[in-house]
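Just below is one structure, and these are the notes that go with it.
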Amino acid sequence: MAMMRAGDKFESFKMLAAALDLIPDIPWELTIAGDGPMRGDVQALYERFDRQRISWAGEVAPESVARL
């Protein structure tokens, strides 16, 4: 869960994508919650992964985070 904006936030999304590249044979799934001006750039980072592994939740209200 994170704001999708330039700077440290975007760098964190890049580092996560790079880490996922290191574990292609492990059956992982990722839900990304958040939104912001760099949403398209963030989504582009994850296009290389199987679409069944990644869910995009978008903006999530604080009271709904635990349920997610």
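The values are calculated or read from the model by the stated rules, or taken from the named source; none is laboratory data. Not measured: the values here are computed from a predicted model. Heads up, the Cβs are rebuilt from the backbone with ideal geometry, glycines too, and the neighbour counts pull from every protein chain shown. The accessibility values were calculated without ligands, DNA or RNA, using every heavy atom of the protein model including side chains. Shrake-Rupley method; radii C 1.70, N 1.55, O 1.52, S 1.80 Å.
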field: Residue check, V42 more than 9 Å from the chain's Cα centre (by Cα), of a type in the set (A, V, I, L, M) and surrounded by 14 or more Cβ atoms within 10 Å (Cβ to Cβ)
entry: no
- prompt: Looking at E29, E47, E11, which one is among the acidic types (D, E), open to solvent by less than 90 Å² (accessible area, probe 1.4 Å) and modelled with pLDDT of 95 or more?
  reply: E11
- request: Would you be able to say whether some residue in the stretch 21-34 is touching a Ser or Thr at 6+ places or on another chain (Cβ under 9 Å) and of a type in the set (D, E)?
  value: yes
- prompt: From R51, R5, which residue is basic (K, R), part of a loop (DSSP other than H, G, I, E, B) and touching a residue at least 12 places away in the same chain (Cβ under 8 Å)?
  reply: R5
- prompt: Can you tell me which residue in the stretch 11-39 is nearest to the chain's Cα centre (by Cα), limited to those that are farther than 26 Å from A66 by Cβ and in a helix (DSSP H, G or I)?
  reply: K14
